[in-house]
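Data block below; observations after.
Derivation of every value follows stated rules applied to the coordinates shown; laboratory data play no part. Fair warning: this is a prediction, and the values are worked out from it, not measured in the lab. Methodologically, a virtual Cβ is constructed for each residue, glycine included, from the backbone with ideal geometry; neighbour enumeration extends over all protein chains shown.
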Amino acid sequence: MFEHTALTLFHSSVWETADQMGKRHNMGSSAGLMEITSKFTFNPKEGIDNPVMVTTEDADSVWTLSPRLCVLKQDEGDFYGFHLRLEKGRQGHIIRNVVSGGVAGRSGLQDGDRLLEVNNCHVDDVPYPEVAKKIRLSGQQLCLLVLDGEQYEQAVSRGQDLRGLGRAHKGEGCKPPRLCHITRDPASGLGINFTPVEGEKGCFSVSLVRGGAAEKVGVCKGDRLVWMNGATVSDLTHSALSRMMKKCVDHITILVIDVESVKNYMRQRMPILPSMAVPHNLPFRARKLHLVSGSEGYGLLLRLEKAPSGRTFHVLRDINSGSPAERAGMRDGDLLLEVNGESVESLMHEEIVDRVRLSGQQVSLTTITFQGLEFYTQLGLSPLLFSEDGAIEREKESSVSASAAEQLSQKEIGSCQARHCSLQRGPLGFGFNLGCFPQGPGSFVSQVAFGGSGQSAGLLEGDVVMEVNGQNVEEKYLEDVIMLVKKGGQFITLLVMEKTGYNKLKQTKTPTRDISDSEQEEDNYEISIL
């Protein structure tokens, strides 16, 4: 799955009046709110002998706020058990409908609380959809810093610095953990070792090779190891950790944090989570691409494709040269994760297409490579946790292992590399002719018109036609293939392969297609031009 949390009790933004919401939960006298009285006691040392001289600042000095940290931990398939609301006439992100005895209720979350932080990230001034997304991506554990509703409203009216309140609650020197991906160096290896901390079970201190691979990606000497390759280490023995290390042939991904910050987290009884981390050297990142439609649309195809595992993916294909999609940095074969910030994991193909088209002339798409999705799935993390904005900077592979993975992807079928060619009908039609093989089904490109759409799309004479608009035609006769081409209207997509490579492929029975091109029934395959 792209995400690892089922937050079904988490509602979308709702504007309601106070009457519609019903009575607000009466919290009684707010915790930490000290009563200010008119009683005055003369203090000769301070030299104050007139109650009128007790200024507003003096009154504010006894005003205290008491934010509460609520740690929610859910079991697989469980719900957090609360709603997050926006309400007309009220400020802040409001906690509502806390289920009695549920995960949120047991954590101390209360009706009317205002949300200040999610996983140590200040959210009071963050748009509602982003806050909701942070909660959904947290996984099985979630840390919320909240303030009682009455205290929140009074703090806002007084101009209280709520961001500073969160920092003060955590204390000085509380730094976020670091999620570091380490790639083995040929000379010095991973450049890291772990030593058990005496008297502390499941606690390991980091030792480094100076200038080694681990130090170069942000790991510091003396750091505490929290998590390795998706597994927490608090319950591991040193021998078990050593066995894990031996299995890490080329690279590991670890979560580390400095000693002083560990003390702060322990004092607050707060877990140290990957969702709180600052990423270092991650080989794959989801990218947010901003597309502005041209006269011929965005210049890409969206296809619903099935992998050999049986999972289906929404895949971006056939990026037209010079199109808005290409200019935004889109790459053929990228998997679609979001449309305008909304996850598409649970959406049908038609629903995604509708959302793109209803966006008008601009749309935001979040994508990741298939290798990237596998990377985060193995770690048990959502690929949306650590994304970068592709409109600002093209994605750059930052590790040797990532580069090697891309090279492997391109070379895995050698000379048997199939090609997707997207064609638009022009003055020369589609600009190619088809021929057929004697004594059997199948067709190939017999001629490519100079300057036509076929040439622009990369068709070559002799190419074997494997698919037309996503439908396999290797066992179809020429007349049927031509009929499919005609049904394509103004646009068609062909999957083709150079003849020599195709024959070699058939002889060795090597799979001809990647995750998106596994054999499937036509009714399981959808394609849309965007």
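Observations
- Candidates per trypsin sites (Lys or Arg not before Pro) in segment 247-277, loop by DSSP, up to 10 other Cβ within 10 Å: Arg269
- Among Glu388, Glu475, sorting on how many other beta-carbon atoms sit within 10 Å of each Cβ, with the fewest leading, yields Glu475, Glu388.
- Using only side-chain charges placed at the Cβ, +1 for Lys and Arg and -1 for Asp and Glu, the dipole size of segment 263-332 relative to its Cα centre rounds to 640 debye.
- Relative contact order of segment 414-513, taken over Cα pairs closer than 8 Å and 6 or more residues apart, is 34 percent.
- Calculation over all alpha carbon pairs of segment 126-254 in 5 angstrom steps from 0 returns a P(r) of 2, 8, 14, 16, 15, 12, 10, 9, 7, 4, 2, 1, 0 percent.
- One Cα centroid belongs to segment 170-192, the other to segment 290-322; the line between them spans 36 Å.
- The Cα center of segment 240-254 and the Cα center of segment 332-359 differ in position by 37 Å.
- Amide N of segment 279-306 lying under 15 Å from the label point, which is placed 7 angstrom from the Cα of Gln378 along Cα→Cβ: 282-285
- Evaluated over segment 414-513, the count of Lys pairs having alpha-carbon atoms less than 21 Å apart is 7 (only pairs 8 or more residues apart or interchain).
- Calculated P(r) tail over 23 Å for segment 414-513, as whole % of Cα pairs: 19
- Sorted by Cβ density within 10 Å, fewest first, the residues Asp258, Asp354, Asp75, Asp148: Asp75, Asp354, Asp258, Asp148
- Sorted from greatest to least, the principal axis extents spanned by the alpha carbons of segment 299-356 come out as 33, 26, 16 Å.
- Taking 20 Å as the limit for the C-alpha separation, the pairs Lys170/Lys263; Lys133/Lys288; Lys175/Lys221; Lys73/Lys201; Lys175/Lys263; Lys134/Lys288 exceed it in the case of Lys73/Lys201.
- Residues Thr369, Thr232, Thr500, sorted so that the one with the fewest Cβ neighbours within 10 Å comes first: Thr500, Thr232, Thr369
- Semi-axes of the equivalent ellipsoid for segment 178-280, Cα gyration tensor, largest first, Å: 21, 15, 13
- Tail beyond 23 Å, pair distance distribution of segment 254-333 (Cα, percent): 52
- C-alpha center-to-center spacing [segment 430-486, segment 90-155] in angstrom: 58
- Sparsely packed GluC sites (Glu not before Pro) within segment 184-256, loop by DSSP, other Cβ within 10 Å at most 13: Glu198, Glu200
- Relative contact order of segment 281-392, defined on C-alpha pairs under 8 angstrom at six or more residues apart (%): 38
- Contact order relative to length of segment 178-280, as percent, for alpha carbon pairs under 8 angstrom and 6 or more apart: 34
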